[in-house]
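The values are calculated or read from the model by the stated rules, or taken from the named source; none is laboratory data. Note that the coordinates shown come from a computational prediction; the quantities given were computed from them, not determined experimentally. Remember, those area values only see protein heavy atoms, side chains included, never the ligands or the DNA or RNA. Shrake-Rupley method; radii C 1.70, N 1.55, O 1.52, S 1.80 Å.
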Amino acid sequence: PTRQLALCLLGKGLSAGGHYEDALVVQEAELATGRRVGTSENANHMLTVKSNLAKTYQSLDRSEEALSLRQEVYSRTLKLHGKEHGRTLQAASNYVSSLIGLKRFQQAKKLLRKSIPAARRVLGESNQI
C-alpha cells in the first residue's frame, strides 16, 4: 500500500506539472503493481488508477487508448456501484467526453440518454456536472 500510494502521488504530481510521458510510466507501474499484489480489477483503487491513466493517455493524444480505459472504468463502476452512484456518473461523464472527442456522437448521445436521468435523480435538477 505504501508503494502504491507513493506511485499514485508521483503520477499525479507529474501529470499536474504537464510531464505526461513521465506520468504515464509511473501510472503504468502503479497499475502493474496493483495487479502483481492481487488487487481486484474491480477495486475502487484500480478503477481510479485506470481513470488517471486514461486522462494521461488523453493528454498525450492517445485518444483510442483513453476511450478503451474509460469504457472499462465505466462498465466496471456501473456493475460495482449501480447507475445512481456518484462514481458511476463521473465515469459516464469521462466516457462521454472521450466519445465526443473522437466524434462518436451517436454513442455519446446514447450514453447520455441513459445517464442524465440518473444524474438528475442523484444530483438534482439545478446541479451542474
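At-a-glance table
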read-out: Residue within the range 18-38 that is open to solvent by 40 Å² or more (accessible area, probe 1.4 Å), more than 23 Å from S97 (Cα to Cα), of a type outside the set (S, T, Y) and outside any helix (DSSP H, G or I) present; value: yes
read-out: Any chance I100 is at negative phi and at pLDDT 95 or above; value: yes
read-out: Residue in the range 41-86 that is most open to solvent (accessible area, probe 1.4 Å), counting only those that are over 27 Å from G124 (Cα atoms) and in a loop (DSSP other than H, G, I, E, B); value: D61
